[in-house]
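Everything on this sheet refers to the single structure shown next.
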Amino acid sequence: MSRIGVMGEDATDVETLVVLLRRIVPGSVGVKTKAPPSGRGGCAKLVRSAPTYMKELWASGCTLAILLHDLDLDSANNELKDEKKLRAHLSALPVPAGLELVICIPVEEIEAWFWSDQAVLDRVGIRAKASSSPHLIKKPKEQLRDLSLRTHHKVKYATTQNPKLAEDLNLELCAQRCPAFASLREQVLRRFGT
């Protein structure tokens, strides 16, 4: 059985992506995961650990590794960091021979993908409309949390819900509205699609 490796900055992001991958290529591939321990360095730790993670994923039979990395805001100017520069930095990481690396940079966070689908937002129970350009939403994770607080007078959304929300996400709509997801899905289907 073919295997895909998934690397991300935290376990919730990785689990969410695993759910999405299993929906994109159901039953045809196995998935192995790697993420820094929760709360231990985020993206910086991921980048430092990625070469080791890739060696371990390749040794476990993975032929494709996905590196999931947020495109965060620059705290100095409250603007998104440079995606091309980040992609170039990640592309320069050493990759074992025989392992293909796919870099996925959700803008700004993987939670932006949930903003593409009204049914998912309704499931979170917030009063908000889905966006035709979710990648333009600033702090999508925080907005889900804040809107759940405003709607329910207590926080009803937590990132631990993300894998379950990924089970309900309309993949076609997400691909239409989220360029990072569309690219990821295309690359995975090109390699493992039936």
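Of note:
- Here residue 79 clears all of (1) free of Cβ contacts under 8 Å to residues at least 40 places away in the same chain; (2) surrounded by 16 or more Cβ atoms within 10 Å (Cβ to Cβ); (3) among the acidic types (Asp, Glu) except the condition numbered (2).
- All of 119, 11, 112, 65 fail the test of being in contact with a His (Cβ under 8 Å, 6 or more places away or on another chain), closer than 20 Å to residue 166 by Cβ and of a type in the set (Gly, Ala, Ser), apart from 112.
- A single member of 58, 113 is surrounded by 18 or more Cβ atoms within 10 Å (Cβ to Cβ), in contact with a strand residue (DSSP E or B) (Cβ under 8 Å, 6 or more places away or on another chain) and either without any contact (Cβ under 8 Å) to a residue 40 or more places away in the chain or not basic (Lys, Arg) (or both), and it is 58.
- As a summary of the residue check, residue 67 satisfies the conditions (1) open to solvent by 20 Å² or more (accessible area, probe 1.4 Å); (2) under 20 Å from residue 49 (Cα atoms) except for the one numbered (1).
- Residues being of a type outside the set (S, T, N, Q), surrounded by 13 or more Cβ atoms within 10 Å (Cβ to Cβ) and in a helix (DSSP H, G or I) are entirely absent from segment 94-107.
- Cβ-Cβ under 8 Å pairs, at least 6 apart or on other chains, segment 90-101 side closer than 13 Å to residue 7 by Cα, far side open to solvent by 60 Å² or more (accessible area, probe 1.4 Å) and modelled with pLDDT of 95 or more: 101/91
- Out of 19, 31, sole residue that is modelled with pLDDT of 90 or more, under 15 Å from the mean Cα position of the chain (by Cα), more than 22 Å from residue 179 (Cα to Cα) and open to solvent by 10 Å² or more (accessible area, probe 1.4 Å): 31
The values are calculated or read from the model by the stated rules, or taken from the named source; none is laboratory data. This is a predicted model, so every value here is computed, not measured. Backbone-built Cβ (ideal geometry, glycine too); neighbour counts: all protein chains shown. For the accessible areas, the whole protein counts, side chains as well, though only heavy atoms, and no ligand, DNA or RNA atoms are used. Shrake-Rupley method; radii C 1.70, N 1.55, O 1.52, S 1.80 Å.
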